[in-house]
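Taking it in order: structure first as structure tokens, then the write-up.
The values are calculated or read from the model by the stated rules, or taken from the named source; none is laboratory data. Owing to the predicted nature of the structure, the values given are computational and were not obtained by experimental measurement. Backbone-built Cβ (ideal geometry, glycine too); neighbour counts: all protein chains shown.
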Amino acid sequence: MNSPAASVLRKRLKRLTAACVVGGLWIITFLQQNTDLTRLLDLPFSESRPSRTTQDGPSFTVDILSVASINQLHLLNAQHKTLASHISVRNFFHVTEHDDTELNCHRNLTLEQVRKVSNFCRKRVAPESHRYFSNEYQTMKQNYARTQWLEQKKNPMGWLCAQKRPVSGLMKAFRHYQREALPSYLIIVDDDTYWNMELFEQHFKPFDSNEAHVIAGCMVRLPVHKINFTFPFGGFGIVLSNGALKNLFQNMYCGDLSDTNDPKCAQIAKNLVGERQSYEEGMSLIELIHAYVNKEYYCDVDSWDKGFCMHSDWVYGYFFNWYNISEHVKEEFYKNVPQARMDDYKGSIIYAKGTGFCRNDFNDGCKNGTEICHRAPVDWMQRELEIMKVKAPHKYTMNYNDLL
């Protein structure tokens, strides 16, 4: 085996072996940095801790639902290692493209179809099938994302597919709660949002979570002289109390929808956004929302009848406010507005301009020790965790560099 051919073969084998070793080391490093991706994507939640009790009664528990993407799992991993390391956090749910009902939307949707969705939704003269739509829904449609705005996005197809994802995440949580008690609070956040969980606990623990409340980390209010409509600015998150979750997950028995004494049944009958066709006897409100959102797929836009013309935040705004899953806001100004059900977190509102935590976008600066930061990078989340562990070491359960 000393021929020239054998010598060349040996050299090739050495190079191949070296390449395999280097490739193997790269894969190990990648997995260490991004966690075990199989576990992260396949499990219904990344971590579940047993409920704790104190001498004063049931403990304060928080579940987190992160609306994420397979294209930036490093952010999801960072959230799990920072937010979910606080002892109040029981479950860390996540939802990605793998949980979308329109499963291949992120692969198959084209830019031309994105344009068609935008054009369909923004039509000021509604087709005959839309004649019943309310002023509220027409306002949403007129404010739907323009094609010019969508085309400026790095991935307009991915953005559009993600508009249904928070509802898929809530359905995922709903199925999980069939076998586990509801938490004190559920936080729904984008994967690049940071909440200081120690400060969250300090703020929310004194309140009775059995009372139904929905709180937006940053709440958008449309001009009140046009429409009384509020919704969360998605990136900053939304908080649902135990009482609100019970209302969201409660079964509805409306018969022929003639029972106007039941607020939810009466709202279905009004059919303000065309949700009545999605209702089935005995379903919960979250199941109605999920059926409504997924009735027609983005990739089938050419054959749309009524379509789906809401941004993800508007879904929260409509169904959480109009279906009364939360108690009415305390502000005197809105006492005669029955759908005024969403609270803002510590005065964080976008109206004429952003106030409170609505200004906490990392691109514009997030101060150390802040309660909420949107578009937070991984290293900033890590630094904030280390600061809080020094202040309250007994409140955190893992080191940042520990693997899942």
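Worth a mention:
- Taken over the range 64-86, residues that are under 19 Å from Lys172 (Cα atoms), among the hydroxyl-bearing types (Ser, Thr, Tyr) and surrounded by fewer than 24 Cβ atoms within 10 Å (Cβ to Cβ) amount to 1.
- Checklist (1) modelled with pLDDT under 95; (2) out of contact with any helix residue (DSSP H, G or I) (no Cβ under 7 Å at 6 or more places or on another chain); (3) crowded, with 24+ Cβ neighbours inside 10 Å applied to Leu245, failing item: (1)
- Taken over the range 267-297, the criterion of being within 23 Å of Leu240 (Cα to Cα) and out of contact with any helix residue (DSSP H, G or I) (no Cβ under 9 Å at 6 or more places or on another chain) is satisfied by Gly282 alone.
- Candidate set from the range 331-366 (those that are surrounded by fewer than 20 Cβ atoms within 10 Å (Cβ to Cβ) and part of a helix (DSSP H, G or I)); member that is modelled with the lowest pLDDT: Asp364
Yes/no per residue for (1) part of a loop (DSSP other than H, G, I, E, B); (2) of a type in the set (A, V, I, L, M):
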{"site": "Ser168", "(1), (2)": "no, no"}
{"site": "Glu180", "(1), (2)": "yes, no"}
{"site": "Gln202", "(1), (2)": "no, no"}
{"site": "Val220", "(1), (2)": "no, yes"}
{"site": "Cys254", "(1), (2)": "yes, no"}
{"site": "Asn261", "(1), (2)": "yes, no"}
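- Selection count, the range 78-110, where residues are part of a helix (DSSP H, G or I) and either touching a helix residue (DSSP H, G or I) at 6+ places or on another chain (Cβ under 6 Å) or of a type in the set (A, V, I, L, M) (or both): 10
- Filter result for the condition that a residue is out of contact with any Ser or Thr (no Cβ under 6 Å at 6 or more places or on another chain), assigned by TED's automatic domain parsing to the domain that holds Met140 and closer than 18 Å to Ser168 by Cβ, over Glu332, Glu327, Glu296: Glu296
- Test: residue in the range 306-327 that is surrounded by fewer than 16 Cβ atoms within 10 Å (Cβ to Cβ) and part of a helix (DSSP H, G or I): no
- One residue from Ile227, Ile215, Ile238 being under 13 Å from Thr139 (Cβ atoms), β-branched (Val, Ile, Thr) and in contact (Cβ under 8 Å) with a residue 60 or more places away in the chain: Ile227
- Flag for Ala269 being in contact with a strand residue (DSSP E or B) (Cβ under 6 Å, 6 or more places away or on another chain), among the small types (Gly, Ala, Ser) and assigned by TED's automatic domain parsing to the domain that holds Ser134: no
- The listed residues are Asp300, Asp344, Asp313, Asp305, and the only one of them that is in contact (Cβ under 8 Å) with a residue 12 or more places away in the chain, over 27 Å from Ser209 (Cβ atoms) and among the acidic types (Asp, Glu) turns out to be Asp305.
- From the list Val273, Val239, Val189, the lone residue that is part of a loop (DSSP other than H, G, I, E, B), buried (at least 17 other Cβ atoms within 10 Å of the Cβ) and under 22 Å from the mean Cα position of the chain (by Cα) is Val273.
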